[in-house]
Amino acid sequence: MPTLILTDVHKSFGTNPVLRGIDLTVTSGQMICLIGASGSGKSTLLRCMNLLEPIDDGRIELDGIDISEPGYDPQRVRQRIGTVFQSYNLFPHMSALENAMLAPRRIHRQSREEMEPRITTLFARFGLADRMHHYPDQLSGGQQQRVAIIRALAMQPQIMLFDEITSALDPELVGEVLDVLRQLRAEGMTMVLATHEMGFARELADTVCFLHAGRILESGRPEQVFVHPQQERTRAFLSRVL
Amino acid sequence: MPSRRQIFESRQRRRANLIAASSTGAVLVALIVLVPMAPGWDAVQRSFFNAEIFARTFPGLLNAFLLDIAIFAWCAPLIAALGLAVAIARDLRTPALYPVKLLAILYTDIFRGLPVILVIYLIGFGVPGLGLPRPWNSPYIWGSLALILVYAAYVAEVIRSGIESIHDSQRAAALSLGLSSSDTMRFVILPQAIRRVVPANMNLFIALQKDVALLSFIGPVEIFRQAGVYKSLLANFTPYVGAALIFLAITIPATRYADHLMNRQRQARS
């Protein structure tokens, strides 16, 4: 049962504080949506969770182990936490299938024959069986983002982080990516999303956190945060985006 | 039935071609008429463009050029390997390997800062001067080493610029899959970086093809030296013209090919 517990996490870039004391608990099977204006710290928070950014203060525990301890091997954390980015970041010199197979092959030392069936199944599950051998520049944005999700899932992570994964997509392609998230949600995947898709957050999240200036100003069930926000800033934000 | 625009454009094109052709023709005629009017033309023609000497020396020059090709052929792979190693060494982030990084920086600074001919002299005359036994005193070995050291420094810089041109998000994506930083470099960054700098490296290898001739200063009788021998023997400069033509036969197609690659890359990226 993976749980990720953040306690009083601080992070600055130079003299610019981005996270100013974040407390957050991600329990197994939960889906948490982070909402808030650009620059409120959502992306940085996700990057801190998989140790792409070292934190300045506070702690991050994964199953009771303090992974934010300086010197802790970040590779072991990242192998258990999958991340999908706004701009897909597929490797352009590899086919979709090779993108998905690189990390399992190098880290689990599995042969191509051993893992190809498992990864092919992933492509089939998300409707990309006929696109496996295409290169990223031969795929639409929505397809590329779905491949990026498959690439992260190929490592069989226990937690998935999604950093505004639909923000770079044309509106008509957003749906196919959100469907993948719905599918993962139904399978019980533990997920943390930074998102601007308020309707989606309201429909599926267990917990919605509103970030403002590096703090979680308000969090709770979606119907509570969206319908009866307690904070003036939350109300102002929601009235701008809804 | 062509449209009005098509008619207009094809007329424009014909006009442009006509102007280009007639101005080129005018320049050519001027050259052909004016150059032979120069007072020394007869002497120049006799000593540089002597058909009989050209025919006599050309096969020998071609034969000597095989040596240039051989030197190029064994230098090029070693340059590529050393250049890649130095580029990677310059990008090391492990503190324990800092001396290696420092050495790589020093190396590129020194060998990019020296004239090729000077390095060839220093290594080509200096090292055999240590009194090494045959075959270790061969100018082929030390001359080639000089070329390899100089060119690998340039190749390393080109590859490093390629590595730096890969957006950091690629690194972030690879690392967040749990890949180690060396796997990230090997499977994600380098394959993209090297592809990106192929045209720039092509230009370096074309320059190398020409600089192989510099080895003649320390002994090997390659084409430039062979042309010099013929010149002394026949008291005529035509062999140099022959050597120039042989070089151009290789370098012009190679340059065109590099340009073609670079154009294709520019189009692919825009």
Q | Two-site label geometry, A:Ser38 and A:Arg59: point separation in nm, points 7 Å out along Cα→Cβ | A | 3.7
(Q) I'd like the distance between the alpha-carbon centres of segment B:234-270 and segment B:8-57, rounded to an integer number of Å. (A) 20
(Q) Of the candidates B:Leu61, B:Leu147, B:Leu28, which one comes out as most mobile in a Gaussian network treatment of chain B with C-alpha springs shorter than 10 Å? (A) B:Leu28
Q) Can you tell me the Rg and the Dmax, both Å, for the Cα atoms in the protein assembly as shown? A) 32.6, 102
**Q.** Simple spin-label estimate for B:Met37 and B:Leu106 in nanometres, 7 Å along Cα-Cβ
**A.** 6.3
Q: Report the antiparallel proportion of the DSSP beta bridges in the protein assembly as shown as a percent, rounded to a multiple of 5.
A: 55
Q.
Taking every DSSP beta bridge with both residues inside chain A, roughly what % is antiparallel (nearest 5)?
A. 55
Q: Only Lys, Arg, Asp and Glu count, each charged at its Cβ (+1, +1, -1, -1), so figure out the dipole size of chain B about its Cα centre, rounded to 20 debye.
A: 1040
Q | Distance between segment B:92-142 and segment B:143-182 - C-alpha centres, whole angstrom | A | 21
**Q.** Relative contact order for segment A:127-242, counting Cα pairs under 8 Å that sit 6 or more residues apart, in percent
**A.** 18
Q. When only C-alpha pairs under 8 Å and at least 6 residues apart count, what is the relative contact order of chain A, in percent?
A. 27
Q: List the relative contact order of chain B as a percent without decimals, with contacts defined as Cα pairs under 8 Å and 6+ residues apart.
A: 26
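Since every read-out is calculated from the coordinates, none of them should be taken as a lab result. What you are looking at is a predicted structure, and each value in this text was computed from that prediction instead of being measured. We place every Cβ from the backbone using ideal geometry, glycine too, and count neighbours over all the protein chains shown.
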